[in-house]
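Remarks on the structure that follows.
The values are calculated or read from the model by the stated rules, or taken from the named source; none is laboratory data. Given the structure is predicted, the values throughout are model-derived calculations rather than measurements. So basically every Cβ, Gly included, is an ideal-geometry build from the backbone, and we count neighbours across all protein chains shown. Quick note on the areas: whole protein, heavy atoms, side chains included, nothing else; ligands and nucleic acids left out. Shrake-Rupley method; radii C 1.70, N 1.55, O 1.52, S 1.80 Å.
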Amino acid sequence: MKKTLIATLALACMMSLPSLAQGGYKFTTVVSNKTTPIKDQASTGTCWCFATTSFMESELIRMGKGEYDLSEMFIVRQKYINQMKDNFLRQGNGNVGQGSLSHTWMNAFRQVGIVPEEVYHGINYDSQSHNHSELAAMVAGMAKTGLAMRKRGPEFDKVVDAMFDVYLGELPETFTYKGKQYTAQSFAQSLGLDMDDYVEITSFSHKPYYTQMSVEVPDNWEHERQYNVPLDEMIEVMDHALKNGYTIDWDGDVSEKGFSHRNCVAINPQVAVLKDYSDTDRARFEDMTPAARLEEVYKFENPYPEIDVTQEIRQAGYESFATTDDHLMHIVGISKDQNGTKYYITKNSWGDSNAQGGYLNMSESFVRAKTIYVMVHKDALPKDLRKKLGIK
């Protein structure tokens with residue numbers, strides 16, 4: 001994630017979606033899968049955890065386990081510890097920032113389990129909401145201290161644990177939830193979630209298709225690998241999953257003028273091909289410069305034609321760093337606007353401040369261009385693609 005962007009926007013995810021966004025976008029829901037209420041990551045760069053926790057909560061609903069509110073900060077704490085150890089072994093060349101990816105959640109879950117939010121809310125400082133500005137600075141400082149000492153002894157690990165106790169609270173050895181006593185590991189086992197069931201799918205042409213690659217973004221500090229498929233097949237994965245009752249953990253670029261949480265949309269408009277516009281819009285735009293047309297489009301007053309994103313266009317964005325790894329969100333459905341354009345109903349983690357209660361609609365063009373990867377349950381993959389990838 002771009003930490004400065006996230007920290008700013010996070011200050012600015014509800015099962016009932018209004019059909020009208022701000023401006024003139026009118027959305028009709030095509031597919032909507034059940035999820036849990038919106039949360040707010042607030043002043044943290046932990047969208048990766050909020051999105052993946054929401055995704056796993058939807059998985060529990062889909063599996064018939066009921067609705068759970070799982071603790072994001074229980075996972076975040078273990079992630080920080082793992083990062084510090086990784087950075088030490090890389091002699092300071094690792095990543096100790098706040099960002100991560102979906103598999104980080106799964107790796108921490110395998111290690112330490114999970115607890116309900118009511119057991120570990122992770123705010124042990126004077127704040128009503130999450131704020132990791134001071135904690136992140138402490139993590140970075142402790143990481144440097146460990147490197148300077150050229151060792152990580154048991155005393156150092158105790159100091160690290162104490163630091164997290166101060167900011168996030170002490171970890172419970174046991175707890176009672178709905179009349180039963182658990183440890184974090186036994187509670188995780190009771191959920192029936194198998195981390196081996198989840199796969200990350202990407203689409204980039206600089207690596208062979210139908211093999212695994214490691215997306216080259218800073219937040220992939222664990223160097224986990226994603227399955228690489230052609231762009232049309234990645235979109236097919238998303239549509240197949242959503243239409244069959246599964247949701248999607250999405251990672252991509254939101255540092256674009258076409259991404260507007262406030263206006264509840266993310267769009268990828270084209271302004272060069274005026275013949276695709278209505279007669280009224282074409283007459284209005286033809287004497288305007290491309291820059292002026294874009295300014296008009298970004299008023300979000302009504303839908304306009306969007307770019308037909310090819311594999312080549314997508315790749316060019318990635319290799320020019322125009323497409324970056326900024327933010328994770330949870331895609332729960334499909335919608336269409338009044339022109340029939342397809343969008344993905346997306347649950348954000350910036351609170352319920354916009355007109356759709358914290359949700360937005362990302363156009364297919366935006367998703368094709370700006371997705372880094374998606375994570376889905378392996379059973380959500382089309383059978384022919386699953387066979388091509390060798391996923392059992």
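Some notes on this structure:
- Counting all C-alpha pairs of the stretch 264-386, share separated by more than 22 Å (%): 46
- Sulfur and carbon atoms: percent of accessible area, the chain [1.4 Å]: 51
- Square roots of five times the Cα gyration tensor eigenvalues for the stretch 197-243, Å: 19, 13, 9
- Net charge contributed by nearby residues that have their C-beta within less than 14 Å of Pro382 (K/R +1, D/E -1): 0
- Proportion of all alpha-carbon pairs of the stretch 85-160 beyond 18 Å (%): 56
- For the stretch 50-198, taking Cα atoms only, Rg and Dmax work out to 16.0, 50 Å respectively.
- Exposure check, 1.4 Å probe, all protein chains in place: Asp384 carries approximately 90 Å² of accessible surface.
- Charge tally in the Cβ shell below 14 Å around Met73, where Lys, Arg are +1 and Asp, Glu are -1, Met73 excluded: -4
- Using a probe of 1.4 Å, the accessible surface attributed to Phe300 totals some 10 Å² when neighbouring protein chains are kept in position.
- Rg(Cα) / (2.2 N^0.38 Å) computed for the chain, rounded to two decimals: 1.01
- Å² of accessible area per residue within the stretch 53-125, as computed with a 1.4 Å probe and no ligands counted: 33
- The stretch 341-392: relative contact order as a whole-number percent, Cα under 8 Å and 6+ apart: 27
- Based on protein heavy atoms only, the stretch 300-372 ends up with 30 Å² per residue of surface accessible to a 1.4 Å probe.
- Estimated dipole of the stretch 72-220 in Debye, rounded to 20 [Cβ of Lys and Arg +1, of Asp and Glu -1, Cα centre]: 520
- Greater than 18 Å apart at Cα, pairs in Lys79/Lys158; Lys34/Lys392; Lys85/Lys144: Lys34/Lys392
- Semi-axes of the equivalent ellipsoid for the stretch 140-208, Cα gyration tensor, largest first, Å: 30, 29, 10
- Centre separation in Å (Cα based) which lies between the stretch 21-98 and the stretch 197-276: 17
- Amide H contacts of Ala266 (H built 1.01 Å from N, in plane; Pro and chain starts excluded): Ser260, Asn361, Met362, Ser363 sit under 5 Å, all sequence-distant by 5 or more or on other chains.
- Per-residue SASA remark: Glu236, around 80 Å² accessible (1.4 Å probe; ligands, DNA and RNA not included).
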